[in-house]
Amino acid sequence: MNIFVRNPFSRRRFAGLALALCVVPAALAATPDASELSSSCLSYDSTSTKLIGTLLSRPYYGPPNYGETPSTDSRERAFLLLLDAPICVTASAHPEKDNNSFERDQIVVHLAPSHVKPKEVARMLGRQVTATGQLYHAFTGHHRTPVLLDVYGIEAR
């Protein structure tokens, strides 16, 4: 008496698992590391970085609990730039001091309009823009993406 029952799905599952075990390691091996990307990546040190994308705005929970108790948390609005193409940013010479570490495949950047008026930025919501400034890495709960742009200028395209 045969106690094993044939399950037509088990072969398919095994074939899918075998394919995943072959494809995933090959894809990971083909992924360039930080040193290979550094020549095409942006730098935190440049004060004239230009980013192109669509300007968006999104509300976030703020202090005191940043969304853990929404009824008592303040609301903060962040300007976000949905980039036309993903970027990578090389780490600074001393990331342990300034927190400017390597980031790859960033498609959304939080804009910090410290050198332009927020009203000027708000007028361009929903439009394609070019934002110029200096990149820096997130270091507080108010920073909504890993990479931010300290905006020196912004113009509609």
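The values are calculated or read from the model by the stated rules, or taken from the named source; none is laboratory data. In this text the structure is predicted, and so the values were computed from the model without any measurement. Here Cβ is always computed from backbone atoms with ideal geometry, including for glycine, and neighbour counts include all displayed protein chains.
Scanning for something among the charged types (D, E, K, R) and in contact with a Pro (Cβ under 9 Å, 6 or more places away or on another chain), does segment 136-150 turn up at least one residue? Within segment 136-150, one or more residues are among the charged types (D, E, K, R) and in contact with a Pro (Cβ under 9 Å, 6 or more places away or on another chain). Enumerate the pairs (first residue in segment 105-127 and at pLDDT 95 or above; second residue anywhere and among the basic types (Lys, Arg) and assigned to a loop (DSSP other than H, G, I, E, B)) with beta-carbon separation below 6 Å, excluding pairs fewer than 6 apart on the same chain, so at least 6 apart or on different chains. Filtered contacts from segment 105-127: His110/Arg144.
Of the candidates Thr145, Thr140, the single residue that is at pLDDT below 95 and more than 12 Å from Leu51 (Cα to Cα) is Thr140. For segment 59-85, which positions are outside any loop (DSSP other than H, G, I, E, B) and more than 16 Å from Ala131 (Cβ to Cβ)? Pro59, Tyr60, Tyr61, Arg75, Glu76, Arg77, listed by residue number. Is it fair to say Gly133 is at pLDDT 95 or above, crowded, with 16+ Cβ neighbours inside 10 Å and of a type in the set (Gly, Ala, Ser)? It is true that Gly133 is at pLDDT 95 or above, crowded, with 16+ Cβ neighbours inside 10 Å and of a type in the set (Gly, Ala, Ser).
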